[in-house]
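Heads up: the structure comes next, in structure tokens.
The values are calculated or read from the model by the stated rules, or taken from the named source; none is laboratory data. Please read these numbers as outputs of a predicted model, since none were measured by experiment. Note: ideal-geometry Cβ built from the backbone for every residue, glycine included; neighbour counts use all protein chains shown. Surface areas here come from the heavy atoms of the whole protein model, side chains and all, with no ligands, DNA or RNA. Shrake-Rupley method; radii C 1.70, N 1.55, O 1.52, S 1.80 Å.
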Amino acid sequence: GINAEYMGLLKMLGKAFLSLRAPLRFSRGFAGATKRSTTKLREMIRSPQLEFLMEAHNGLSARVVAETGFKGIWGSGLSISAAMGVRDANEASWTQVLDVLELMVDSSGLPILLDGDTGYGNYNNARRLVRKLEERGVAGVCIEDKVFPKQNSLLEGGRKENLAPIEEFCLKIKACKDFQRDPDFQVVARVEAFIAGWGLDEALKRAEAYREAGADAILIHSKKTDCGQIESFVKEWKNRHPLVIVPTKYYTTPTQKFRDWKISTVIWANHNLRASIACLLYTSDAADDSLRVDLGGRRIIKKKKK
């Protein structure tokens with residue numbers, strides 16, 4: 001069973017949660033807020049210093065991110081989908097995602113950049129998404145240049161034909177920017193060229209096209225375990241527009257390198273979800289004498305009866 005020490009830890013965490021500050025006052029849109037969340041996110045993306053967005057996937061995790069001092073939240077598509085028990089392949093509808101985001105906004109008071117996948121369809125779907133995000137107080141959306149429905153970027157087998165045509169994606173960016181009401185709402189264009197097996201030239205060509213189409217920042221993505229692709233892109237990009245990165249795979253790269261490269265924003269993309277899964281497994285294991293959780297091997301093992 002669960003030992004006394006572990007029960008004490010759970011009680012301590014429960015008391016800590018109950019003692020959180022009173023619900024944060026947060027005004028959506030324009031009225032009543034000293035500074036809009038969209039403006040805060042815009043300032044982060046354009047900041048001369050390295051900024052960080054931490055992943056959250058529901059109201060509770062968003063509140064934890066706020067309590068620990070982060071200035072903004074990454075509304076991870078992977079994490080929100082996983083918390084719903086579905087795959088990161090547009091199986092959760094965008095209206096379901098909006099419901100989760102509304103709770104995250106209310107519980108945190110922080111600017112949220114949504115991982116908006118492909119915009120949930122064509123340019124009409126994407127611009128309607130922007131309007132609904134603004135209504136719920138979300139500060140920005142990141143859309144990726146894949147076809148709909150998307151495939152998770154870190155899965156094996158990404159194919160070159162999975163990318164949307166450049167011209168089509170540029171129209172989607174323009175539609176989003178034209179349709180937003182708040183001038184500070186941020187639209188980040190995510191370049192998946194490296195993920196899909198293309199080289200540096202294709203990545204640069206797409207990034208520049210998206211910049212010209214009006215994207216507020218470029219997210220350059222890679223699933224290599226070293227930072228070589230990102231470093232080569234940064235050198236050629238020459239800081240012409242804010243760059244956002246997601247070092248999920250190349251996590252051993254020192255953060256100082258990102259500062260040296262003049263990266264705008266680093267996204268810690270799924271850390272809270274992974275930590276919560278580990279804790280859930282550990283707790284359930286401790287409560288059930290018949291199971292043993294092997295976190296290193298990511299396995300749940302039936303214990304042998306004595």
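Could we say that E102 is open to solvent by 20 Å² or more (accessible area, probe 1.4 Å), free of Cβ contacts under 8 Å to residues at least 40 places away in the same chain and part of a helix (DSSP H, G or I) here?
Criteria met by E102.
Identify the single condition in (1) at pLDDT 95 or above; (2) open to solvent by 20 Å² or more (accessible area, probe 1.4 Å) that Y6 does not satisfy, given that it satisfies every other one.
Every listed condition holds for Y6 apart from (1).
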